[in-house]
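One structure is given here, and the rest of the page talks about it.
The values are calculated or read from the model by the stated rules, or taken from the named source; none is laboratory data. Bear in mind that the values here come from a model prediction, so they are computed numbers and not experimental data. Because the Cβ atoms are built from the backbone with ideal geometry, glycine has one as well, and the counts that use them run over all protein chains shown.
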Amino acid sequence: PFRTFLWHSDHFSLPSGCASLAFSEASPHQAFISRTYPAIGLQFHPEMTLGTIRSAAERFGKDWVQGPYVAGKEAILAQTDHMPDTYWLMVTLLDNMEKEFGGPDRTPAKVEITTAICNNELS
């Protein structure tokens, strides 16, 4: 398991032909991969650094509606100091996607990534 930020309450059913890669208490499908197309889906933002999370909280936190898995601005800012940076995960994910989905000439395939963010443990 790893700890990352999520600040959403959106959920979805796993698309046909896809396999779930990660889950949390908040959602059974935090990440998935298509078995048919070079596509993945994420319910968190591994590309966000601690600095961009702080910036987003300061700029947009007033608009976040709190819920069971949605922390408010102050909670996000308080937790940011204790969160590991997950940017390494995004780099690893993109490197692995290029290796897996790159064309015969090793040209990276265009891959659609859908993402979202909050505070929760993913497995």
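When L42 is tested against (1) buried (at least 20 other Cβ atoms within 10 Å of the Cβ); (2) more than 30 Å from F101 (Cβ to Cβ), exactly one condition is not met: (2).
Take T86 and tell me if it is free of Cβ contacts under 8 Å to residues at least 40 places away in the same chain and closer than 20 Å to A31 by Cα. Spelling it out, it is not the case that T86 is free of Cβ contacts under 8 Å to residues at least 40 places away in the same chain and closer than 20 Å to A31 by Cα. For beta carbons closer than 9 Å, sequence separation of 6+ or different chains, a first residue in the stretch 9-29 that is touching a residue at least 40 places away in the same chain (Cβ under 8 Å) and a second that is of a type in the set (D, E) and assigned to a strand (DSSP E or B), the qualifying pairs are S24/E121; E25/E121. Could you tell me whether any residue of the stretch 50-63 is on the phi < 0 side of the Ramachandran plot, assigned to a helix (DSSP H, G or I) and among the polar types (S, T, N, Q)? Taking every residue of the stretch 50-63 in turn, at least one turns out to be on the phi < 0 side of the Ramachandran plot, assigned to a helix (DSSP H, G or I) and among the polar types (S, T, N, Q).
Just one of (1) at pLDDT 80 or above; (2) among the acidic types (D, E); (3) in a helix (DSSP H, G or I) trips up E47, so point out which. Result: E47 fails condition (3) only. Taken over the stretch 60-82, the residue count meeting the criterion of being among the hydrophobic types (A, V, I, L, M, F, W, C), loosely packed, with under 15 Cβ neighbours inside 10 Å and modelled with pLDDT of 80 or more is 2.
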